[in-house]
Every structure is written in structure tokens, then in C-alpha cells.
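Q: Let me give you the structure first, and then I'll get to my questions.
What follows is calculated from the coordinates using simple rules that are stated; it is not laboratory data. What you see is a predicted model; the values in this text were computed from it and never measured. Ideal geometry is used to build each Cβ from the backbone, glycine not excepted, and the neighbour counts take in all protein chains shown.
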Amino acid sequence: MFSVENLTVSFGGFNLLDDIGFVIDKKDRVALVGKNGAGKSTLLKIFAGLQEPTKGRVSMPKEATIGYLPQQMHLADERTVREEASLAFEEILQMEAELEKRNLELAEQTDYESESYHKLIDTITHLNERLAMEGASNRQADVEKTLTGLGFTRTDFDRPTNEFSGGWRMRIELAKILLRKPDILLLDEPTNHLDIESIQWLENFLATQANAVILVSHDRAFIDNVTQRTIEISLGKVYDYRVNYSKYVELRKERREQQLRAYENQRKQIEDTEDFIERFRYKASKAVQVQSRIKQLDKLERLEVDDEDNSALRLKFPPAPRSGSYPVIMENVSKKYGDHVVFQEATLTINRGDKVAFVGKNGEGKSTLVKCIMEQIPYEGKLQLGHNVKIGYFAQNQADLMDEKLTVFQTIDYVATGDIRTKIRDILGAFMFGGEASDKKVAVLSGGERTRLAMIKLLLEPVNLLILDEPTNHLDMRSKDVLKEALKEFDGTVILVSHDREFLDGLADKVYEFGNQKIKEHLGGIYEFLASASASASVIAGLTRNPLPNVNSPLTDTGRSRVKHGMTESSSLAAQSYEERKEAQKALRKLEKAVAESEKKIEKLETEIKEMEAVLITPEGASNVDLLWKHAELQKKLSAVMDEWTEATIELEKYT
């Protein structure tokens with residue numbers, strides 16, 4: 001399909017890509033991987049013809065078509081969603097206009113034996129054949145199918161694009177690119193603005209309908225399901241593996257171990273040879289052997305071990321100050337924008353130490369609820385934060401809110417206070433901003449670098465409730481793994497808004513599903529949720545790590561019976577388990593509410609007693625008998641409420 005030959009990209013004497021080369025074949029589906037800043041997006045821009053390499057070239061057939069989706073783009077807002085997506089068929093529209101024009105000319109012709117008449121017939125035939133090959137008659141159905149797959153509803157099709165957020169407009173642009181069916185698809189982080197259902201649809205489209213695909217993505221599950229070849233960029237070099245990402249990780253480790261063993265063996269051989277030469281260099285009886293060993297060393301091809309990029313994010317959240325037992329309690333919370341209901345009558349309780357995931361289609365209210373918790377927008381109902389809750393918040397657009405004129409160091413220096421200011425350089429080094437990198441302007445940072453810089457702010461003050469809205473967008477694989485481990489070790493409470501299944505797997509212990517104006521609670525992790533009967537069929541299909549066998553595949557009658565029986569049995573068990581869990585949750589909520597109310601009473605009584613004791617230590621207060629009686633009564637009430645709290649807590653521990 002096309003080839004990369006001796007390609008080099010230099011910036012200020014530094015080679016970002018150093019004399020690389022490889023070939024992409026038709027139907028190849030390639031994952032381009034490497035740390036942030038390794039050159040992945042730069043390489044895609046060169047393929048798309050938007051940037052020239054310093055040296056070398058990219059060769060491809062003249063007739064080859066390319067579809068390129070960058071991470072960021074500016075989109076026009078003059079059309080409806082359907083009209084904008086239909087621009088994918090501009091060439092077809094031009095051919096149809098040309099055909100209509102030629103048909104009108106044909107109707108006016110009377111000289112049926114002339115050369116011009118036969119030429120016109122040939123032109124019309126050719127246009128009809130091309131339109132049939134392009135599938136022109138199905139284009140509106142294709143537009144609707146693609147837009148629906150990417151999350152749009154039929155009521156969205158005729159809405160102006162300027163009514164949609166940047167993320168939704170990116171979906172329209174992706175729809176246009178997919179509808180063109182180019183020979184090569186170049187996709188730079190296509191899942192950043194997609195929900196789980198849309199990602200699943202895109203996975204299926206790329207795997208079954210696309211031609212060659214080269215994609216950059218930090219969604220491990222997505223690239224495993226789409227690609228069968230992995231090209232790694234590391235320290236300016238490329239390493240080509242004809243396997244998917246998970247297998248590549250294994251092979252890369254094996255390759256390096258083999259290189260190290262061979263290198264060590266050769267090094268030992270060289271040392272032994274050099275020792276022999278040095279020992280017998282001046283002995284005439286050994287002159288022949290010495291000369292022979294010298295020639296051996298001269299001819300020896302020295303083995304090298306691939307340079308390994310060992311720079312890595314080191315992240316550990318400060319110990320969380322102790323909060324109340326229930327950092328977030330919601331009862332019948334609703335949010336509307338005019339007549340539009342985002343969600344209604346939502347009731348949930350998040351326990352201290354919980355790590356929960358908010359999942360669902362974009363626009364169903366995940367980020368909206370986060371803003372309600374942060375008291376950034378008004379809402380209806382009761383939403384209460386627990387005692388001593390300190391929030392650390394990472395907004396979806398956090399990385400874009402920084403002043404681009406400041407350097408990395410200045411960005412942190414302006415928000416750091418107290419003793420932490422003496423450790424700014426150390427903190428920046430831990431986040432891979434050591435040395436000269438700390439003097440970079442924010443304006444020149446990549447998306448991943450900006451995300452890391454924004455994450456540093458969460459470390460400047462100890463918190464016990466972390467709310468992270470799409471924190472993995474733009475983070476590379478290793479940085480995501482480090483963040484995931486840091487969140488696992490964090491001893492506070494975590495609320496995660498994310499569509500990244502692999503990131504949530506093993507991290508979230510409870511899932512809240514947003515959809516149809518409701519918020520449903522699901523116990524267990526993300527893959528348990530995806531496999532549950534309450535998750536929609538379009539989400540379930542293909543997403544579980546161990547999907548059921550394909551009942552359309554050639555099976556014996558016995559095999560079909562086993563598959564069918566297995567599905568029925570597992571569904572029954574899942575339903576039974578779910579009902580039991582719901583009953584337990586009802587009892588839990590009742591106890592949780594009792595504990596929460598007791599904590600509120602205790603806090604109020606302790607405040608009153610403290611205020612009263614401040615008066616009692618004065619000469620006037622000490623002689624006030626009524627005040628002494630009131631103090632004794634409050635102490636008695638506090639003791640009773642403490643007993644209630646203890647009893648409820650003990651009962652609660654039986655369930656948890």
C-alpha cells in the first residue's frame with residue numbers, strides 16, 4: 001500500500017525519528033505505540049501530507065485515498081448533522097449532477113447515428129457504472145447507520161452542528177471519514193470522545209469494513225480488538241511486531257531478555273579473549289595464537305541491546321485525611337435544562353474508601369452529576385457531602401484550562417504554598433518534567449504532558465475524595481498503568497468518569513450506569529457490569545473478556561444444545577445473584593442512613609457542648625447553675641446518640 005523509507009524528523013538538532021522504515025500493506029490494521037512525545041502523532045501528520053520529514057520519504061500510489069482524524073480540529077457549523085456527514089459523498093453528488101446534465105443533453109439529441117451521440121451514451125453508461133460501484137443509492141442509509149453507531153439519535157440528524165459540544169462534532173467528522181471508505185485510515189486517539197457503546201461499534205466497523213488502518217490509541221482493549229500488528233516508536237527507532245498489543249508486550253519483553261543474554265555471553269567471550277591476548281602478548285611460543293585471537297576480535301560483529309526508554313511517571317497520592325463514613329449521599333436528585341431532563345430522582349450512597357465508576361453514553365449526565373457534587377451547577381433534591389470531605393477534582397477539560405504563556409515550573413509555582421514550594425523541582429521530576437523540560441511553555445506541551453501537569457495539582461494538598469472526569473485521555477499506556485496503581489493504593493474515595501474498560505478493570509468496585517434519565521447502581525467491577533443482564537445488548541456484545549461462543553458458527557447439534565443451555569443457566573444464576581444483591585443493598589442503605597444521621601447528630605451535639613464549655617470556663621459561666629444542667633443534659637444526649645451510632649455501625653459491618 002505504501003512505504004516509509006529512511007525517514008528522519010529533527011527538531012533543533014534532536015532526532016525525534018531517526019532513519020526509520022517499514023511498509024504498510026492493504027488491509028493491515030496497525031497500532032502505533034510509544035510514550036507521549038515519541039513521535040506517533042507527528043508520523044500520522046507526515047502520512048496525511050500535513051508535515052514534511054527532515055529526510056526520507058513516504059511513497060504511496062497516486063490514486064490512494066487517505067482519511068485522517070487528528071486529536072484536535074476546528075469544525076464548521078453551518079449545516080445540520082446529516083448534511084455535514086453527507087459531505088463524505090461530495091464526489092458522488094458531483095457525478096449525479098454530471099449524470100443529470102448528460103441525460104438532459106441526451107433528451108435533446110436527434111442524430112442517433114452521430115459520433116457525439118454514441119460518445120454521450122458511453123459517458124452516461126460510465127457514470128451509471130461508477131455510481132453503482134460507489135453504492136450511491138445506499139448513501140443516506142449509510143449516513144444514518146454510521147451516525148447511529150457513533151451515538152447520535154434520529155432526532156439529532158436535523159439539528160444544527162453548533163448545538164453540539166466539541167466531542168460530538170468530532171464524532172461527525174469521524175463519521176465523514178468512515179463513510180468515505182478511504183484506502184488508509186489514520187486515527188489519532190479516536191476513542192477520546194466516545195462512550196463504551198460507540199467504541200464497540202467502531203471496533204466492529206474497523207475490524208470488518210475498513211481497509212488499511214493506522215491508529216494511535218491508549219485504550220488497550222480497543223487496540224487489541226482492532227489491530228493485528230504493532231509498531232513501537234522508542235527513542236527515535238521503530239520496532240515492528242505482526243501481533244496485537246497484548247502479544248507485543250510479551251514479545252518485546254522476550255526480545256530484550258534474549259538480547260541481554262546474547263550480549264552478556266558475547267561480553268564474557270570478548271573479556272576472555274582480551275585476557276588471553278594480554279597474558280601471552282609477549283611470549284614468542286604463543287604469537288600465532290595471539291594473532292589469531294586479535295583477528296577474531298576484529299572480525300567480531302558486536303551485539304547491541306536496544307535502548308530502553310526508562311523514563312516513567314512516579315505517582316503516589318498523599319495519605320487521605322479521614323472523612324465521615326459516607327462522603328456522598330444523594331436522595332431524589334434531579335437535573336433539568338429547561339424541558340430537557342438529564343436525570344431524575346437519583347438516589348445513591350458512596351461509602352468511604354469506595355472506588356466507583358460512572359459509565360453510560362455521552363450526554364446522559366455523568367459529568368453533569370460531577371458538577372452537581374462540586375456545586376458548580378444547581379439541582380433539585382438532596383445532595384450531601386460527608387463530614388470532613390476534602391475534594392480533589394480533575395475536570396474533563398482540565399488540561400485546556402492552563403495558561404499557555406507560563407512555563408511548566410511557573411504553572412505549579414503559582415499554585416503551590418508553604419513547604420511544598422521547596423519540593424517543586426522534585427515533584428516535576430517525578431512527573432517526567434525534570435531538567436530543561438520544566439522550562440517548557442505550556443503552549444508546546446502535548447496532550448499527555450498537559451494532563452500530567454494538571455494531575456500534579458491534585459498532589460499539592462491532601463484530599464480524601466478524588467473525582468476524576470476522563471483522566472486517561474491523552475495519557476500513554478505506561479502513564480495510565482501508573483495512575484491506575486496509584487489510585488488502587490489511594491486510601492480515600494474515588495469517583496471515576498471513564499470509558500476505558502481496561503483502566504476501570506480491577507479498579508472500580510461499583511458501577512453507576514447513566515441512561516434513560518436514570519442512574520442505576522451495579523455491584524462489582526466493569527466487566528461484571530458489562531456481562532450483567534441489565535446492561536443493554538449492544539454494550540454486552542463483544543465486550544466481555546470471555547464472550548459466549550458464536551451460535552452462528554458451525555456447531556454440532558450437541559454443541560448448540562450446550563451453548564444454549566449454558567446461556568440459560570448463566571442468565572438464571574446472574575438474575576438470582578442480582579436480586580439477592582438488591583435486597584442486601586436495601587438493608588445496607590437503611591443502615592447507612594442511620595449511621596449518617598447519627599454522625600450528623602454527634603457533630604451538632606459536640607459543637608454545642610464545645611460552645612457551652614467555652615462559656616462555662618468563664619467566672620460568670622461557672623456560677624450559672626442552669627447552664628451546668630444543660631451541659632449535663634447535652635452530655636447525656638451525646639452518650640445516647642453515640643450508643644445508637646455504635647449499634648448501627650456494628651450491624652453495618654455484618655453486611656460489609
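Q: What chymotrypsin sites (Phe, Trp or Tyr not before Pro) does the range 406-457 have in DSSP loop regions with at most 15 other beta carbons within 10 Å?
A: Tyr414
Q: Another one. Can you list residues from other chains, or at least 5 along the same chain, whose modelled amide H is less than 5 Å from the amide H of Asn36?
A: When sequence neighbours closer than 5 places are left aside, the close amide H contacts are Asp476.
Q: Same structure again: Given C-alpha coordinates of the range 201-342, what is the ratio Rg to Rh with the Kirkwood estimate of Rh?
A: The Rg/Rh ratio comes out at 1.32.
Q: By its C-alpha gyration tensor, with a ≥ b ≥ c as the square roots of the eigenvalues, how is the range 162-222 shaped: rounded for a/c under 1.5, else prolate for a/b larger than b/c, else oblate?
A: Cα axes put the range 162-222 in the oblate bin.
Q: What list of ³J(HN,Hα) couplings, whole Hz, do you get for the range 587-593 from phi and the Karplus terms 6.51, -1.76, 1.60, once you set θ to phi - 60° and write x for glycine and proline?
A: Using θ = phi - 60°, the values come out as 5, 4, 4, 4, 5, 4, 5 Hz.
Q: Now for a different question. Among the lysines, select those whose C-alpha is under 18 Å from the C-alpha of Lys181, and discard any that sit fewer than 8 residues away in the same chain.
A: Reachable lysines: Lys26, Lys27, Lys62, Lys145.
Q: Quick check: convex hull of the Cα atoms in the range 340-392, volume per residue, rounded to a whole Å³?
A: Hull volume normalised by residue count: 108 Å³.
Q: For the range 32-115, run through the chymotrypsin sites (Phe, Trp or Tyr not before Pro) and keep only the ones in DSSP coil with at most 16 other Cβ atoms within 10 Å of their Cβ.
A: Tyr112
Q: Then there is this: Can you tell me the 0 to 90 degree angle between the C-alpha axis of helix 245-280 and the longest principal axis of the chain, rounded to 10?
A: 70 degrees
Q: Using just the helices of the chain, give the 222 nm mean residue ellipticity in deg cm²/dmol: DSSP H runs with n ≥ 4 each add -39,500 (n - 2.57), and the total is spread over all residues, rounded to 500.
A: -15000 deg cm²/dmol
Q: Using +1 at the Cβ of each Lys and Arg and -1 at the Cβ of each Asp and Glu in the range 141-244, identify which of Trp168, Ala207, Ala221 lies farthest towards the dipole's positive end.
A: After comparing all options, I get Ala207.
Q: Give me Rg/Rg_expected for the range 103-214, where Rg uses Cα atoms only and Rg_expected = 2.2 N^0.38 Å with N residues.
A: 1.52
Q: Here's a follow-up. Quick one, which of (1) 47, 35, 25; (2) 44, 41, 31; (3) 53, 42, 26 is the actual semi-axes √(5λ) of the Cα gyration tensor in Å calculated for this model?
A: (3)
Q: Let me ask something else. Sequence-distant or interchain residues sharing an amide H contact under 5 Å with Gly56, placed H: which?
A: Sorted by chain and number, the residues that satisfy this are Thr8.
Q: Under 5 Å between amide hydrogens, which residues at least 5 positions from Asp195 or on another chain qualify, with H placed 1.01 Å from N in the peptide plane?
A: Result for Asp195 returns Asn362.
Q: Helix 90-108: angle to the longest alpha-carbon principal axis of the chain, degrees 0 to 90, nearest 10?
A: 50 degrees
Q: Here's a follow-up. Using the structure shown, list the pairs from Lys253/Lys355; Lys604/Lys637; Lys336/Lys366; Lys361/Lys586; Lys35/Lys480; Lys316/Lys488 with a Cα-Cα distance above 20 Å, or answer none. All intermediate terms of the calculation are to be shown ahead of the outcome.
A: Working: Lys253/Lys355 32 Å; Lys604/Lys637 11 Å; Lys336/Lys366 14 Å; Lys361/Lys586 27 Å; Lys35/Lys480 11 Å; Lys316/Lys488 10 Å.
Over 20 Å apart, Cα to Cα: Lys253/Lys355; Lys361/Lys586.
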